[in-house]
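Have a look at the structure below before the remarks.
The values are calculated or read from the model by the stated rules, or taken from the named source; none is laboratory data. Computed from a predicted structure; not experimentally measured. We place every Cβ from the backbone using ideal geometry, glycine too, and count neighbours over all the protein chains shown. In case anyone asks, the SASA skips ligands and DNA or RNA and just uses the protein heavy atoms, side chains included. Shrake-Rupley method; radii C 1.70, N 1.55, O 1.52, S 1.80 Å.
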Amino acid sequence: MPVDFIGFVNGRNHSEIVPAEGPVVNLDHVEAAAKIHENGGFDRVLVAFHSNSPESILISQHVASVTRRLGLMVAHRPGFTAPTLAARQLATLDAISGGRAAVHIITGGDDRELQADGDHLTKAERYARTSEYLDIVRREWSSDAPFDYDGKYYKVRGAHSAIRPQNGSSIPVFFGGSSEEAIAVAGKHADIYALWGETYEQVRETIARVKASAAQHGRTVRFSLSLRPILAETEEAAWAKAEQILETARGLQEQTGYARPTVVPNEGSRRLLAAAAQGARLDKRLWTGLAALTGARGNSTSLVGTAEQVADALLDYYRLGVTNILIRGFDPLQDAYVYGRDLIPLARRLIAEEDARSGAGREAA
């Protein structure tokens, strides 16, 4: 099965080791990042969303305007836009981009961050609302006739959209969240369930949970994994580079904003910290040092080694059922270029060889 590689485009150059400077939306940076990813063979890019960030759909539209093939993964938080309007906004982006849109539904695990946008629901209530939200979004995308919907959080009458996704019924729906409430909603609605870069054991366990949830609705789900590869010419140099990234990040925490919170509010971060508690180096080459430093604030674990070694570790995750791989670096533009030049071609080759062997095995059987 082919694997999609997903990159990351931010409004400006910023990471745990790069303090943000200049305008919050730097169009030169957005364009450069988009073109590096497209030229490097990435299939799509994530455009993130937070309570204080530029609007993700609008940034994604600019990415679409300066590229020709690069797909979009638009982070979107339910609850702040009417689901009927959000469905039309995303379908419009899909039309403008020639069918390149996907949405990444992030319900949000930090109560304080959600309150900045006026949301005071509990986590359980937010996921219940997300489920209703996606019920309506999907019907808005697919219904030929006006429809009504009666839920606890949303009630609509005569909803109908003139603008549809390019395939006529939906755009891909990525979904994030590791709590029990999140897994239940993922099983009902996710096309692709997104994990952070966990250990093999954790990934295997989460995939089983999501598959079981989806089976209750007669559905199947694909899986995405997010990692921060650290590459060098030798393994020794790669681990030295990881330690330098850690030291730089520690020294710049106040400037970059990646300081460890006193309370870790979401289950996904707690899972990464549980892995970090087992050690800084896990499995073949999973590195948890940055996650431990920052409190696992988002995608913060790495695969460390040569391009060949990291590609081999990605193959392990593919064997567990991962078919979308999100990779972004600590030096955002330079790392995206190196991933496209060195890592993605190797990983695609190993996966193709694995599929060929598996096919030959099935034929022999």
Count of residues meeting criterion [part of a loop (DSSP other than H, G, I, E, B), open to solvent by less than 20 Å² (accessible area, probe 1.4 Å) and under 17 Å from Gln244 (Cβ atoms)] in segment 278-300: 2
message: Looking only at segment 184-227, filter to residues that are among the aliphatic types (A, V, I, L, M) and in a loop (DSSP other than H, G, I, E, B); which one of those is farthest from Met73 (Cα to Cα)?
response: Val221
query: Out of Thr107, Thr122, which single residue is open to solvent by 20 Å² or more (accessible area, probe 1.4 Å), among the hydroxyl-bearing types (Ser, Thr, Tyr), modelled with pLDDT under 95 and within 24 Å of Pro265 (Cα to Cα)?
result: Thr122
statement: Listed by first then second residue, the pairs whose first member lies in segment 76-88 and is under 18 Å from Ser170 (Cβ atoms), whose partner is hydroxyl-bearing (Ser, Thr, Tyr), with beta carbons under 6 Å and at least 6 positions apart or on separate chains, are Pro78/Thr130; Pro78/Tyr133; Pro83/Tyr133; Arg88/Ser161
- request: Give the residue, chosen from Ser161, Ser213, Ser178, that is surrounded by fewer than 21 Cβ atoms within 10 Å (Cβ to Cβ) and touching a residue at least 12 places away in the same chain (Cβ under 8 Å).
  value: Ser161
task: Kindly indicate whether any position in segment 232-245 is among the β-branched types (Val, Ile, Thr), open to solvent by 20 Å² or more (accessible area, probe 1.4 Å) and either at pLDDT below 95 or within 17 Å of Thr294 (Cβ to Cβ) (or both).
output: no
message: Can you find a residue that is under 17 Å from Ala280 (Cβ atoms) and among the small types (Gly, Ala, Ser) anywhere in segment 322-335?
response: no
message: in a loop (DSSP other than H, G, I, E, B), touching a residue at least 60 places away in the same chain (Cβ under 8 Å) and closer than 30 Å to Glu31 by Cβ: is that true of Asp117 in this structure?
response: yes
message: Six or more apart or on different chains, Cβ atoms under 9 Å: show the pairs whose first residue is in segment 245-267 and outside any loop (DSSP other than H, G, I, E, B) and whose second is open to solvent by 90 Å² or more (accessible area, probe 1.4 Å).
response: Gln253/Arg260; Glu267/Glu180
task: Select, from Gly268, Gly257, the only residue that is within 22 Å of the chain's Cα centre (by Cα) and on the phi > 0 side of the Ramachandran plot.
output: Gly257
query: Within the group Ala336, Ala274, which residue is among the hydrophobic types (A, V, I, L, M, F, W, C) and out of contact with any Phe, Trp or Tyr (no Cβ under 9 Å at 6 or more places or on another chain)?
result: Ala274
